[in-house]
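To start, the structure itself, in structure tokens.
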Ligand code: CO
């Protein structure tokens, strides 16, 4: 038996202890020119990669219950004339400042982190911690750290210092939320082909109200409209086409009682309902915003969509689907997750026929994947390539160690794996200036290097992932596994 077990472990591309180390807190803030570089930074790569994610997985030694409850820490890597400058800063949310001063957990987290003192000390405390940890975007001359259940925090793009909660020039009210998954329409037909940023907020109860916001490049509100849809919603991401915002209303129920009683976090009270269909909600983007359509399918649980586009009567939407929602179990550590026992996220293509109100779906790739990314000019349009993070092996569930590119035309994949010691994060595709092909550009991803307990910013060639990184920029420390980020072509160089 021992022999069998050891044989099995040989075939694993990862080591659980290695993977767990990527969830150690990084309490320090750094700024420096990166000088340990393998390969060469392309001189044409000019701009700033912003990343966000949980920087603290404990508060003064007390572990938090789930990484989604971790305080937001933003990294910026500025590329300029073949060099790269690194910076990271915690978002000084009210909760971060107070907990660091107090030296203990004083807020409940959505995903189960509780204050000390048991349920009596947590019951009927609905004051959630706005942790600003999910995404970071530069739009309308503002750098915004986003968390979907509350208002954005504005940061100084040069220094990453926190300016404060931002109400988007009075568009948001205190207590409003603003999703962490805005999408940029690269050529909005309503605005003479100018880009616009589309985002949503959602208020949930027995029914859900989705509000759509569209902003011009200066950050001014162009359009806002709200829609009530039946049922509770747990919606993290959406997709846009020129005419629609598309949401997958996952089949979940919410029992708030254990949360109210202080027994569990709000996120732990969401229950996946496998027997119920997913509702695909299509909200028109064009005036008068009437005629919301709801189609039904069985998609499993969806966090992220890669893209959507219209083609005649049909709309295509490409999404990463799980057979079920991995439930956050109380009193067990996320670090002890049994990968093999959970269903992997997989890429599916859904074809929506609006006239016949029919949905067809097709599994595209069995490989366990997450964090899809595409060419920014192809958002909402027919497109050829999608990049995502993925497991090393083609089947089964495992940590993300590889970056994959799928070609929709040939349905072939190209891949680079950082296994056995590297653990990747979301890839971001940055087009080359004056590129003529959709995949002509660089794929940037932060990799946790377990062999050194440090992180690497890897630059891959979008046309040849399997050729390996063009450059690997070794940070002098690690960055815990992050969530989302974005690219800005601005260097924010004047204060470097
Ligand atoms: Co997300």
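We did not get these values from a lab; they are worked out from the coordinates using the rules stated. What you see is a predicted model, and the numbers here were worked out from it, not measured in a lab. Cβ atoms come from the backbone with ideal geometry, glycine included; neighbour counts cover every protein chain shown.
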Review point. Using the alpha-carbon centroid of each, what span in Å lies between the range 314-380 and the range 446-486?
Key: 24 Å
Review point. What whole number of Å gives the distance from the Cα centroid of the range 135-197 to the Cα centroid of the range 252-311?
Key: 23 Å
Practice item. List 32, 481 from most exposed to least, where exposure is judged by having the fewest other Cβ atoms within 10 Å. Key: 32, 481
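Which whole number of Å³ per residue matches the convex hull of the alpha-carbon atoms in the range 148-263? Provide the component values of the computation, followed by the final result.
Numbers: hull volume 15.6 nm³, N = 116.
Roughly 134 Å³ of hull volume per residue.
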Check your understanding: Given N residues in the range 67-178, what is Rg(Cα) / (2.2 N^0.38 Å)?
Key -> 1.18
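Sort 103-109, 49-55 by packing, meaning the average of other beta carbons within 10 Å per residue, with the highest value first.
So the order, starting with the most tightly packed, is 49-55, 103-109.
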**Study point:** the chain pair-distance distribution - Cα-Cα, 20 Å bins, rounded %
**Key:** 23, 61, 16, 0
Review point. At residue 362 and residue 163, where each label point lies 7 Å from the Cα along Cα→Cβ, what is the point-to-point distance in nanometres?
Key: 4.6 nm
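Sorted by mean Cβ packing within 10 Å, highest first, what order do the peptides 396-407, 75-86 take? Don't skip to the end; give the middle numbers.
Working: 396-407: 22.3, 75-86: 19.6.
Ranking the peptides 396-407, 75-86 by packing returns 396-407, 75-86.
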Point to revise | Protection proxy ranking of 201-212, 136-147 - average other beta-carbon atoms within 10 Å, highest first | key: 136-147, 201-212
Practice item. Please order 73, 190 by the number of other Cβ within 10 Å, starting at the fewest. Key: 190, 73
Exercise for review: Mind sorting 434, 177 by how few other Cβ atoms lie within 10 Å of their own Cβ, fewest first?
Suggested key: 434, 177
